[in-house]
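Enquirer: Got a structure here, written out as structure tokens. Questions coming.
The values are calculated or read from the model by the stated rules, or taken from the named source; none is laboratory data. As the structure is a computational prediction, the values presented were derived from the model and not from experiment. Reconstructed Cβ throughout: ideal geometry from the backbone, glycine too, with neighbour counts over all protein chains shown.
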Amino acid sequence: MRAYERFLNYITYDTQSDESSETCPSTAKQKDLGALLVKELKEIGAENVFMDEFGYIYATVPASEGAEKAPVLCFCSHMDTAQEMPGKVTNARIINNYDGSDIVLNEAEGIVTDVKSFPQLSECIGDDLIVTDGTTLLGADDKAGIAAIMCAAEAWISDNRASVRNPKLAHPEIRILFTPDEEIGRGPDHADMKKVNAAYGFTVDGTGVDHLQYECFQAAAGYVKIHGTSVHPGSSFGIMKNAALLAMEFQSMLPVYENPAATKDRMGFFHLTGMTGTVDNAEMYYILRDHDRSILEHRKDVFRKIAELMNLKYGENTVTAEITDSYPNMIEYILPKYPFLLDAAREAIREAGYEPKETPVRGGTDGARFSEMGMPCPNLSVGGYYCHGAHEFASIQKMDSVVTIIEGTAARLAK
């Protein structure tokens with residue numbers, strides 16, 4: 001079975017996660033897809049297949065002949081989809097032999113994926129593309145990754161006894177891990193790394209087909225609480241402290257051009273993600289990001305010092321600022337000791353006919369947390385583009401190439 005055939009089935013399952021939920025998985029419906037994946041893994045002959053109480057799926061593919069002593073390698077993708085749009089796909093269609101023109105997703109709603117706004121379409125001319133009608137996500141992030149791993153596993157198992165004669169399918173012992181709740185930042189939270197027990201791994205969760213990602217943001221979350229003083233406005237002179245106005249003042253003291261809309265490449269930012277406020281109380285939620293740990297530490301200092309300055313101005317404990325680390329830059333865990341992982345992936349990408357694109361992720365991956373937890377974990381692509389929105393699409397041919405890249409990477413780590 002080809003990757004796109006599995007993918008078209010997986011996307012009919014609504015697996016949208018929910019950041020307001022305190023359960024794991026955050027939505028029980030993620031386990032519906034999980035049950036299907038367990039069934040399919042058992043059918044193709046994987047070993048030690050199970051889904052735990054938290055919705056994590058574990059499976060093993062035994063090493064091919066001659067690779068039994070190679071370190072265990074993990075491939076990981078996530079089951080959930082993002083919250084920006086509905087995640088249950090009932091409207092997918094295939095555009096055969098894409099000709100490079102704008103794609104009308106939904107004529108009635110006027111939803112068009114135009115080449116000018118979505119230039120990566122030009123990378124897929126001649127491919128067969130999978131799209132929706134623009135009213136839901138497609139879910140290539142990350143069901144295309146799951147499909148690719150499943151296809152590689154099927155090939156490894158069906159050809160296991162012949163792998164000595166087919167070195168392209170040689171592989172170490174493979175551990176498969178499918179996680180819930182990646183889209184809400186909780187993917188590794190309940191992963192049992194003793195059950196995974198892999199020396200290193202790859203997430204399969206990147207855009208396009210040729211990206212190799214091993215650097216991401218250093219990340220922290222900021223929370224600001226402002227305590228105001230409310231009195232009748234007619235008699236408030238010298239008494240009132242309007243918490244909502246103080247929240248605006250706090251934001252105005254941050255560097256004006258260091259927000260996501262004004263940054264790119266390796267530039268970091270302060271990002272106000274939400275706020276509420278009245279005269280009495282105000283709350284502000286931030287994410288702080290930078291690729292360089294020392295610069296992120298400086299951002300944290302700026303954040304705290306603004307609170308200190310405002311407390312000097314308006315009184316002690318008027319403003320409290322809390323910062324919590326979210327995830328690390330995985331390059332710190334990968335590059336010093338595990339450059340051979342990157343070499344293996346580069347060679348596999350080139351063998352598949354592409355030149356690796358190695359750009360830092362302006363975000364995070366499950367791999368960043370897994371790297372911190374002791375399993376160095378760069379990221380490979382899935383064959384999908386423009387995730388988290390109505391214009392998401394996937395290329396059937398590039399999904400096939402991702403399977404080839406997974407197999408090629410594993411073969412180079414079987415030695």
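Enquirer: From the list 231, 209, exactly one residue is part of a loop (DSSP other than H, G, I, E, B), surrounded by fewer than 18 Cβ atoms within 10 Å (Cβ to Cβ) and either in contact with a Phe, Trp or Tyr (Cβ under 9 Å, 6 or more places away or on another chain) or not aromatic (Phe, Trp, Tyr) (or both). Which is it? Spell out the reasoning first.
Expert: On the way: 209 fails: surrounded by fewer than 18 Cβ atoms within 10 Å (Cβ to Cβ).
Of the residues listed, the single one that is part of a loop (DSSP other than H, G, I, E, B), surrounded by fewer than 18 Cβ atoms within 10 Å (Cβ to Cβ) and either in contact with a Phe, Trp or Tyr (Cβ under 9 Å, 6 or more places away or on another chain) or not aromatic (Phe, Trp, Tyr) (or both) is 231.
Enquirer: In addition: Looking at (1) over 21 Å from residue 397 (Cβ atoms); (2) in contact with a Cys (Cβ under 8 Å, 6 or more places away or on another chain), which is the only condition residue 116 fails?
Expert: (2)
Enquirer: Exactly one condition in (1) in a strand (DSSP E or B); (2) within 18 Å of residue 203 (Cβ to Cβ) is false for residue 286; which is it?
Expert: Of everything listed in (1) in a strand (DSSP E or B); (2) within 18 Å of residue 203 (Cβ to Cβ), residue 286 misses just condition (2).
Enquirer: State which residue pairs qualify: first residue within 26 Å of residue 219 (Cα to Cα) and inside the range 339-360, second residue among the small types (Gly, Ala, Ser) in any location, beta carbons under 8 Å apart, and separation of 6 or more residues or different chains.
Expert: From the range 339-360, the pairs are 356/345; 357/208.
Enquirer: So which residues in the range 66-83 are out of contact with any helix residue (DSSP H, G or I) (no Cβ under 9 Å at 6 or more places or on another chain), in contact (Cβ under 8 Å) with a residue 24 or more places away in the chain and not small (Gly, Ala, Ser)?
Expert: The answer is 68, 71.
Enquirer: Oh, and also: What strands (runs of 3 or more DSSP E), lying completely within the range 306-415, carry at least 1 residues that are surrounded by fewer than 21 Cβ atoms within 10 Å (Cβ to Cβ) and within 17 Å of the chain's Cα centre (by Cα)? Please lay out each step first, then the result.
Expert: On the way: elements: 319-327, 379-381, 393-395.
In the range 306-415, the matching strands (runs of 3 or more DSSP E) lie at 319-327.
Enquirer: Confirm whether residue 118 is in the same structural domain as residue 202 (by TED's automatic domain parsing) and over 22 Å from the mean Cα position of the chain (by Cα). It would help to see each step written out before you state the result.
Expert: Details: in the same structural domain as residue 202 (by TED's automatic domain parsing): yes; over 22 Å from the mean Cα position of the chain (by Cα): no.
So residue 118 does not fit the description; no.
Enquirer: Right, something else. Among the residues of the range 390-398, is there at least one that is in the same structural domain as residue 73 (by TED's automatic domain parsing) and out of contact with any strand residue (DSSP E or B) (no Cβ under 7 Å at 6 or more places or on another chain)?
Expert: yes
Enquirer: If you don't mind, another one. Let me confirm something: among 308, 355, which residue is closer than 26 Å to residue 253 by Cβ and at pLDDT 95 or above?
Expert: Details: 355 fails: closer than 26 Å to residue 253 by Cβ.
Among 308, 355, only 308 is closer than 26 Å to residue 253 by Cβ and at pLDDT 95 or above.
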